[in-house]
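Reading through the structure tokens given below for one structure.
The values are calculated or read from the model by the stated rules, or taken from the named source; none is laboratory data. Remember, it's a predicted structure, so these values are computed and weren't measured experimentally. Neighbour counts run over all protein chains shown; Cβ positions are idealised from the backbone, glycine included.
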């Protein structure tokens, strides 16, 4: 039954991808619709703890919205901060070369256009352990896709991730193949980057 469900998810993803106008990419890998991108805090160029979707050292190798056929796309993006448990001096969203601080707001909208659009979301000077969970909804024409972005400094949200779930679970790839049987939380944390079906839900793990 679980293998059948995993195969059904794979088939739906293939059929849906054929009709998609755009996709999310992070460091060259596709982030499936509804997946979660986890970015751990690292020292930035100023020696401060930060989480960045597109680090200043190579902003084009981070989170992108990419047209699937290589053509021009235009649309709207809506970013919502769902949870925020660490203190950061600056939280900002940059898109289409305009940056807006999000320290005192939890939702913002932006419009965009191009063939490959940088989606720069950053938390600088993180001062304590915790996490930030945001939801990005992007609409191009009649197509809307969602990506969850989790910034982590030692803690993780429990909303979109099974990494901290103590129950054991079988892990499948998108072809319905069993990757890991009865994997506990510790085993799931060391899964290679990629998309997996765990407990009948799709998860995207990125290290």
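Can you tell me which residue among 100, 91, 66, 105 is under 27 Å from residue 192 (Cβ atoms) and either surrounded by fewer than 20 Cβ atoms within 10 Å (Cβ to Cβ) or out of contact with any helix residue (DSSP H, G or I) (no Cβ under 8 Å at 6 or more places or on another chain) (or both)?
Values: 100 fails: under 27 Å from residue 192 (Cβ atoms); 91 fails: under 27 Å from residue 192 (Cβ atoms); 105 fails: under 27 Å from residue 192 (Cβ atoms).
None of the others qualify; the one that does is 66.
Restricted to segment 62-111, the set of strands (runs of 3 or more DSSP E) holding at least 2 residues that are in contact with a strand residue (DSSP E or B) (Cβ under 7 Å, 6 or more places away or on another chain) and closer than 21 Å to residue 157 by Cα comprises 73-84, 88-95.
Okay, residues lined up against (1) closer than 30 Å to residue 75 by Cα; (2) modelled with pLDDT under 90:
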{"site": "132", "(1), (2)": "yes, no"}
{"site": "136", "(1), (2)": "yes, no"}
{"site": "140", "(1), (2)": "yes, no"}
{"site": "146", "(1), (2)": "yes, no"}
{"site": "150", "(1), (2)": "yes, no"}
{"site": "153", "(1), (2)": "no, no"}
{"site": "166", "(1), (2)": "no, yes"}
{"site": "172", "(1), (2)": "no, yes"}
{"site": "206", "(1), (2)": "yes, yes"}
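Those strands (runs of 3 or more DSSP E) of segment 11-52 in which at least 1 residues are modelled with pLDDT under 90 and closer than 25 Å to residue 83 by Cβ, considering only elements entirely within it, cover 29-31, 36-40. In segment 47-63, the residue that is farthest from residue 151 (Cα to Cα) out of those that are touching a residue at least 12 places away in the same chain (Cβ under 8 Å), exposed (fewer than 15 other Cβ atoms within 10 Å of the Cβ) and over 17 Å from the mean Cα position of the chain (by Cα) is 57.
Of all residues in segment 79-98, those that are over 16 Å from residue 64 (Cα atoms) and more than 19 Å from the chain's Cα centre (by Cα) total 4.
Part of a strand (DSSP E or B), free of Cβ contacts under 8 Å to residues at least 24 places away in the same chain and closer than 18 Å to residue 32 by Cα: does that describe residue 144? Walk me through it before giving the result.
Details: part of a strand (DSSP E or B): yes; free of Cβ contacts under 8 Å to residues at least 24 places away in the same chain: yes; closer than 18 Å to residue 32 by Cα: yes.
When the stated conditions are applied, residue 144 passes them.
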